[in-house]
Structure formats: C-alpha cells, structure tokens
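Data first, discussion second: the structure below is written as structure tokens.
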Amino acid sequence: MFGYYLDLALRSLARNKVLTTLMVVALALGIGATITTLAVLRLLSGDPLPQKSAQLFYPQMDPYPANQPFSRSGKMPWLLSYVDAMNLLRARRAQRQAAVALSQVKVMPQTADGNPFYADGVMTTADFFPMFDAPFQYGAGWSAGDDDARAQVAVIAGFLNDQLFGGADSVGHMIRIEGHDFRIVGVLRPWAPQPRFYALHLGGHSYGKGQGVFVPLQSARADGITPSAMMSYGPGSGMDHLETSPAIWLGVWLELPDAAAVSTYRRFLANYAQQQVALGRFQKSRTAMPALMEWLRGEHVVPDDARLQAGLAFGFLLICVVNTVGLLLAKCLRRSREIGVRRALGASRAAIFVQFMVEAAIVGMVGGVLGLVFAELGLWGIRHQPAQYAGLAHLDLSMFLFTFVVALAASLIAGLLPAWRACAVAPAPQLKAA
Amino acid sequence: MELLPILSSLRRHKLAAGLLMLEIAVACAILCNAVFMIRQRLSEMQVHTGLAESELVWLKTDGVSGADATPVTESNLAALRGIPGVKSAVVVASLPLSNDDMNFNPSMDADGKHRGPNMELMVGSPGYLHALGIKLVEGHDFSADDYAGVDTWLPHSPSMIVTRAVAERLWPGQSALGQAFWIGTKRYQVIGVVDHMVRGELRGNASEYTALFAARPSAELSSLYVLRADPSALDRVLRDAAAKLAALNPQMLINDKGTYPGLRGNYFASDRAMAWLLATVCTALLIVTALGIGGLASFWVAQRRRQIGIRRAIGATRGDILRYFQTENFLIVSGGIGLGMVLAYTINLALMSHYELPRLPLAYFPVGALALWLLGQLAVLGPALRASHVPPVVATRSV
C-alpha cells in the first residue's frame, strides 16, 4: 500500500513542478538556517570536558570592601587573590587543586636564526594536567615539589613543539621564555577544551586553539611574568607586588569526586571566609562554588549574537513551515474531486490521510537533503566570520541526523492540517459536481 | 469596490487565509525587530571616537623595560618623527576601540567613602592630545611639567583632563574645571575638558567615561606607538615606522600594527557580520513570504476560473477582477500586519529583558506595514493579472 501512496505522491508532486520546487526550497532554506545556527550554538555551549566536568568546581569568595562592591548586582568576584588561592591550594582539602592565570609570553627560539615571538601562556600549578586530563605526547607535567622549589620547568603544546622542534621529542630541551631558560618536561597532544573554561575572565580566548606554554605559577612570578588580567579592590596594588596586594588575578579549580566531598568542601570554604572576616581581611563572608557547567552558564559564555541568530533561524523555519502548510492545503483542496473518486472507490479516510502525509514527508526529505547543503554553505560562511570560534563550526554526525529529524518533523507538521482536511472531504458532492 | 463579497468568499477559505495571515504576522514581527537590530548595530558602528582617525597609524611593541625605558622610547619617538609625512609621534597606554583598556573607580572624597563610576585611565606622552586629534572644549592642555613619571600606571602629575561625559556625570550643572577626585590616595584635579574620547571598548552610556593623564615615556608607557601622518601616506608611514623601530631596537618585538581605520574596522567586524546575517535572513524571509502569497493566489485563481468567467460574462471588467484579487490580498495582509505588530512588540519585550535591547520605536510599525503591503501587492500582481485575462466564455463551459 505504501508503495502505491509513494507513487501517487510523486505523481502529484510532479504535476506541479513549480509549486513543489517552491515548497522544497523554502523548507530547505528554513532547515539550513536552523541547522547552521544550532550547530554553532551546540559548539559554543558544549561541555569542554564531558568525562570530568561534573567533578570540577570553581571556588569564589569576596574580598571586596562593603562600600566598593565587585558588582552592583551582587555578582561574586570572578577571581581570587594570591593569598586566598594559595591558602586553598595549601589546605589540600580537594582531591586535586590548581590555580590558573594567563599571560602573553615572549618566546625566544634556541636556534641561531629564530625570531622571538609571543605565545599564549598559562601559569599554573602541578595538578592542572591530571585534573583536566591533559594528554601528554612526551614526558609529563611537573610535580608539586617543582612548584614549591620554583623549578624552571615548562610544558609546551604540540603545535609549539612542531614549530620549535619539528615534532621531535623535546623533553629535556630548553626553551627561553621572557628572558629565562625553562627545561621542557612535557609535550601535550593537541588539547584545547571548547570553550576554554579555565581561561574565563583571565584575559585569554575562550575558543580556538589552546595555549602554547605552561609554566609553574611561582617560578613564572619569580621571573617577573605578569598575568593578563588583574582587578584591584583596594589601594596599593601594582603589578610588581601582586602576591601581597589587594588584587584578584587567579582562578582556582578543584576536583571533588562525590557529593560528600562537595558538601565538605563547601563547609570548609564557608569557614575559611568567616575566618578571614574575623581576621579583618574580608568584610563579607559569602562564598560560592559552582560546578564547571554551572559556572559557564552563569557567566554567559555563549555570545548573545549566537542565541539571537538561533532564535531568528527558528522564526524563519516557522515561516517556511506555515508557508508549506498553506501551499499543501491549497493543493489538496484543489484535488477534492480526485479524493472524492478515491473515497467512492473504497479508500478509507485513513488511507487518504496516509497518502497526503506521504506526500508531505517526501517534500520534507528532499527539503532536508537540500537543507543539509544550505547548512554546509551556512557553516562555510560562519567559518569566514571574524569570531574566535569561527574555525570550529562544522556539522557532526548527530547534527547530520538531526537535520533529517527536523526536516521530517517540520514537513509532517506542515502536512497534518492539509491531510486532515483532505480526509474530511465528503465524496458525494464532489462526484455530483463532476 | 464592494468588500462584502470578498469577505464572504474569504470566509469560505478561512483556513488558507488564516495561515497566510499567520505567515505575514510572523514575517512582520521578525522583520521589524531584525531591521531595528540592524539599525542598532549600524548606529553603534558610527560612534565618534574623538580621534583624527583617518590620520593615525599604530604599532604595538613589547615595550622597553628597566631604567633605559625613558631615553630609548624618547629617541625612538624622535626617529619616528623624522619619517617623511609624519606630523607627530607619541606613546599612549591604549587606544579607543582597541579592546584593551585600564579601568578604575575614582573616590569622590579623600577617605574613599563615596565612589564614582567605573572609567578608563588614559595616559599618553607629551603632546598626545594634539597628536591624536582630541579636541579640548574647556580649560587647557597639559603643560610640559605635567609629563612626569608614573607609579604602576598612576601618574605623578596631579593634572587630569576629562571627557564632557565624565564632567556631566560627576559634576552636573557646574564647571568641571578645578574639580577633583582620588584614585587610591592620590588626588587629581581637572584642568581641561575634551569633547569626545571613547574607551577601549564600548559600554553603552559609559562608553565615553575616560579620564586623561600625562606622563613621560617609561617602562609602563613604552609599548604602543601612535603616529599622526598624512592620510594618503598611512600605509607607507606604517611600513617605514616598523622598519625604523626594528632597525633601532633589534630586540624589540612588534606584536601588531595597523592604521586606525583598520583597527576600527576590526572592532566592528562581528557587528558587521551580524548586520549582514540579519539582512540576509530578512531578504530570504521576504522572498519566501512573497512566494507563499503568490503560490496561494495562483491556486485561488485557478480554483475560481469558472466564477471569474461568470463575473466577466455578467459585466465585470478586467479591472474589476484585478482589483478583486488585489483587495483580497490587501485585506489578508492587513490582518497579518495587525497580528504581526502585537507579535513584534512581544518579541521586542523579550529581547529587551534578555539582551539589553532598547524599546522598538513606534516608527517601525507603519514602515513595516507599508513594506508588507507592497510585498503582498507585488506577489499577487501576477496571479491577479492572469485572473483578469480569464475569458467570459469559461462560464459557458462545464469544467
């Protein structure tokens, strides 16, 4: 029976080529726009570390004076001061903990003819690599002992290793960063969580290829490397005495394996803040500790423009669907006579309904295929946009399949009303009119 | 033209006419908001930075550290001034729209009880106001003595110049000259007011909250060179300046360089892309809507051939038939517009609460309505003309 409906639908669609093309193209445009923007939104709002994100937490506290709040709307300060970050790190109350700051660093190649260049650098502590599951190509990260000893060691990214050492195992080689020699202890495989959660508010990029150089925080500070972002909350803060000045410039990450550990740490954090109030360092004892995804959502990492574009695309798809409903309806009403004859010859209402739904589905599937072409075209356009994330826009398998789900759903919804009207046609008047 | 027959015929096609109305309503709502957003972006892109933009080039270097910073930077500036076509050369802390700025909250009294709004700290080397083309409207420029040292970016000289926006925000209704505020414990006094000077990034009403200070080149103030030159020679001046800096300072890194118009273009690149995207979607939307109107109208014409023939046979002119379909379209589009306005307003309210968008001005409604009426008439013209050419003899044939 289905084959027969398919045949009927194809015949009917072929009879009105212009109209069929119109419906297919309109639906495809709507689907193309929707899939393009959804792919971008998915990319931007994705989980940067799917296997680990639920166990990663970002502690926040508020060292700002009461008469000079961090924000008027009551937002928690984004970063921690050196003193607080180090106190949390030294307490070792989490399974793993690391402090992070970003910096642009001048790298001097060791070869004679190499020109110095700037690289995105991360100043952090030993737990950074195991906590974020950073994969090593050669060597490994540094140890907590290296942190305390202010060892001049560095981990470099794969792309920097390719650039400086032609991709060879460079562990043990030296790299000159901001005029100081660092011994390479590890080379990362390509690793760039999107969005780069640990770079948020630290003055780096949230998307795109990752940072090139990773050095121990205390070693880098001893060498005079300054962070890209710093906010002061009191007088007497300068770049040269960041460790003691009233300034926030570090993000701290914690790995807490289960709910019990999380609630224990929350209590510890609240106690710590109350202690600081008692000591007179803080005026407010409020704290927060969002999990990774909660932190990203709270900070509106996804650009407003991407959301607006997705909303616009859905509006457009709605118009295309309504358009298709109107055209299918007009078409099926014109075929009242045909329907009357089929009903008189014994076709049931259900049969008529299925026949028209098959027709709509065909429009949807063809629209979906064409929509996929439009989506690829749209994503190609996005890749040429000036946004940080532009280079990453692509269609993965799930979005590919989702396209057909959207296409089929859109066309079946569009077909519902016309098909219902068609099966409601009473056969007798139609036959009489003939 | 009688409206009643049209209305009663439309009542027989409630569903199709309703759908068309819905389509037009959604199109109208999206169109009004999208065009508004495009205008919003375009007007932001028109922002007046206060600089002599077409005459500026900039070079961002890694600066000079240590005690040599002042003499090395000063000799670099002297050498840059020697390039043919260069009118002046200065080093500054940041440039408007460079996405790079230093901000502070001033204290309005000595003990820091009352804080002013967040504003940008702009610092430059001798003659930088004039070099950048910033216009003074009150008071006077920094004197030679004002260009002294800085202490981690806080200038030693107590003189400052503020923008008119800062003056009106901090001291409304009074002259800003002679007024003061504190940064930390350091007191700064206003000696002049400039017309415009936007910050490193636009921040709505606070985009022009800038306080300008004077300092001689130092380790802090040694990385961003700005040259004012003949507009026709910008590219050559930029090349020459980069070559000269590289020749004078073999260890210096030039991270980035460009013309000011180029920097401005980069700042607005994403806004421009968004405006283009909105415009493209609007166009596609209008085309789909027009095709929908045209498609449905053709069907109705084909369906009513006999009826049209009868009307023609009993005396209706071609003009009558044409006007019938045009009026019918006008009625449907009008219904759609009415619904669309409500929808447009609702969408705008939602956008206002989520994206800090201003209220949709009322002027958009009549303009949007006119555009859709025109679109409807254009889309229906083809089918309506075909209808008007249906010969009366059709009435006598049984279909």
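The values are calculated or read from the model by the stated rules, or taken from the named source; none is laboratory data. Note that the structure is predicted; figures quoted are calculated from it, not measured. Here the Cβ is made from the backbone with ideal geometry for all residues, glycine too, and neighbour counts use every protein chain on show.
The table below gives the values:
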quantity	calculated
Region B:171-214, subset modelled with pLDDT under 90 and among the polar types (S, T, N, Q), residue surrounded by the fewest Cβ atoms within 10 Å (Cβ to Cβ)	B:Asn205
Inter-residue pairs, beta-carbon under 6 Å, first over 25 Å from B:Ala25 (Cβ atoms) and in region A:297-322, second assigned to a helix (DSSP H, G or I), 6+ apart	A:Val302/A:Leu44; A:Asp304/B:Tyr355; A:Asp305/B:Met274; A:Ala306/A:Val40; A:Ala306/A:Leu41; A:Ala306/A:Leu44
Lone qualifier among B:Val301, B:Val281, B:Val288 - being more than 9 Å from chain A (Cβ to nearest Cβ), of a type in the set (A, V, I, L, M, F, W, C) and over 30 Å from B:Ala89 (Cα atoms)	B:Val301
Candidates B:Val26, B:Val90, filtered to the one that is out of contact with any strand residue (DSSP E or B) (no Cβ under 6 Å at 6 or more places or on another chain), aliphatic (A, V, I, L, M), in contact (Cβ under 8 Å) with a residue 40 or more places away in the chain and not in a loop (DSSP other than H, G, I, E, B)	B:Val26
Selection within region B:224-266 - in the same structural domain as B:Ser98 (by TED's automatic domain parsing) and aromatic (Phe, Trp, Tyr)	B:Tyr225
Odd one out for B:Trp276 among (1) part of a helix (DSSP H, G or I); (2) hydrophobic (A, V, I, L, M, F, W, C); (3) crowded, with 17+ Cβ neighbours inside 10 Å	(3)
Those residues of region A:312-334 which are surrounded by fewer than 19 Cβ atoms within 10 Å (Cβ to Cβ) and more than 7 Å from chain B (Cβ to nearest Cβ), in sequence order	A:Phe314
Of residues in region B:243-253 being surrounded by 16 or more Cβ atoms within 10 Å (Cβ to Cβ) and within 14 Å of chain A (Cβ to nearest Cβ), the one nearest to B:Asn99 (Cα to Cα)	B:Leu253
Given (1) in contact with a Pro (Cβ under 8 Å, 6 or more places away or on another chain); (2) of a type in the set (S, T, N, Q); (3) outside any loop (DSSP other than H, G, I, E, B), number of the condition A:Ser206 does not satisfy	(3)
Residue match in region B:76-90 (condition: under 21 Å from B:Pro261 (Cβ atoms), surrounded by 15 or more Cβ atoms within 10 Å (Cβ to Cβ) and in contact with a Gly (Cβ under 7 Å, 6 or more places away or on another chain))	yes
Which listed residue is among the polar types (S, T, N, Q) and either surrounded by fewer than 17 Cβ atoms within 10 Å (Cβ to Cβ) or without any contact (Cβ under 8 Å) to a residue 24 or more places away in the chain (or both), from A:Ser219, A:Ser206, A:Ser263	A:Ser263
Inter-residue pairs, beta-carbon under 6 Å, first under 13 Å from A:Gly381 (Cβ atoms) and within 11 Å of chain B (Cβ to nearest Cβ) and in region A:25-39, second in a helix (DSSP H, G or I) and aliphatic (A, V, I, L, M), 6+ apart	A:Gly32/A:Ala375; A:Ala33/A:Ala313; A:Thr36/A:Ala375; A:Thr36/A:Leu379; A:Thr37/A:Ala310; A:Thr37/A:Ala313
Answer from B:Leu362, B:Leu331, B:Leu343, B:Leu351 - the residue that is out of contact with any strand residue (DSSP E or B) (no Cβ under 9 Å at 6 or more places or on another chain), modelled with pLDDT under 90 and either in a helix (DSSP H, G or I) or of a type in the set (Phe, Trp, Tyr) (or both)	B:Leu351
Identity of the residue in region B:264-273, in contact (Cβ under 8 Å) with a residue 12 or more places away in the chain and part of a helix (DSSP H, G or I), that ends up surrounded by the most Cβ atoms within 10 Å (Cβ to Cβ)	B:Arg264
Residue ID - farthest from the other protein chains (Cβ to nearest Cβ), chosen from residues in region B:254-263 that are surrounded by fewer than 20 Cβ atoms within 10 Å (Cβ to Cβ) and assigned to a helix (DSSP H, G or I)	B:Pro261
Which listed residue, of A:Leu242, A:Leu292, is of a type outside the set (Lys, Arg) and either over 30 Å from A:Phe129 (Cα atoms) or away from every other protein chain (no Cβ under 14 Å) (or both)	A:Leu292
Cβ pairs under 6 Å, 6+ apart, first in region B:226-245 and within 26 Å of B:Met122 (Cα to Cα), second assigned to a helix (DSSP H, G or I) and of a type in the set (Val, Ile, Thr)	B:Ala229/B:Val237
Meets criteria (under 19 Å from B:Ala219 (Cα atoms), within 11 Å of another protein chain (Cβ to nearest Cβ) and of a type outside the set (Ser, Thr, Tyr)) for B:Met21	no
Selected residue [under 21 Å from the mean Cα position of the chain (by Cα), closer than 29 Å to B:Ala290 by Cα and in a helix (DSSP H, G or I)] from A:Ile31, A:Ile35	A:Ile35
Number of positions in region A:129-163 that are aliphatic (A, V, I, L, M), surrounded by 14 or more Cβ atoms within 10 Å (Cβ to Cβ) and without any contact (Cβ under 8 Å) to a residue 24 or more places away in the chain	1
Residue selected from region B:6-16 under the condition assigned to a helix (DSSP H, G or I) and within 9 Å of chain A (Cβ to nearest Cβ), by the criterion farthest from A:Lys331 (Cα to Cα)	B:Leu15
Residue tally, condition among the aromatic types (Phe, Trp, Tyr) and either closer than 18 Å to A:Phe70 by Cα or in contact with a His (Cβ under 7 Å, 6 or more places away or on another chain) (or both), over region A:268-290	1
Strands (runs of 3 or more DSSP E) contained in region B:142-232 and holding at least 1 residues within 19 Å of B:Gly116 (Cα to Cα) and of a type in the set (Val, Ile, Thr)	B:159-163, B:180-183, B:186-194, B:210-214
Selection from region B:72-119 of residues that are charged (D, E, K, R) and within 14 Å of chain A (Cβ to nearest Cβ)	B:Asp100, B:Asp101, B:Asp109, B:Asp111, B:Lys113, B:Arg115
Unmet requirement for B:Gly336, which otherwise passes all of (1) more than 11 Å from chain A (Cβ to nearest Cβ); (2) buried (at least 18 other Cβ atoms within 10 Å of the Cβ); (3) touching a Gly at 6+ places or on another chain (Cβ under 9 Å)	(1)
Sole exception among (1) within 14 Å of chain B (Cβ to nearest Cβ); (2) part of a loop (DSSP other than H, G, I, E, B); (3) at pLDDT 85 or above for A:Arg176, by number	(2)
Qualifying positions in region B:134-170 - free of Cβ contacts under 8 Å to residues at least 40 places away in the same chain, surrounded by fewer than 18 Cβ atoms within 10 Å (Cβ to Cβ), under 20 Å from B:Asn103 (Cα atoms) and more than 14 Å from every other protein chain (Cβ to nearest Cβ)	B:Pro158, B:Glu168
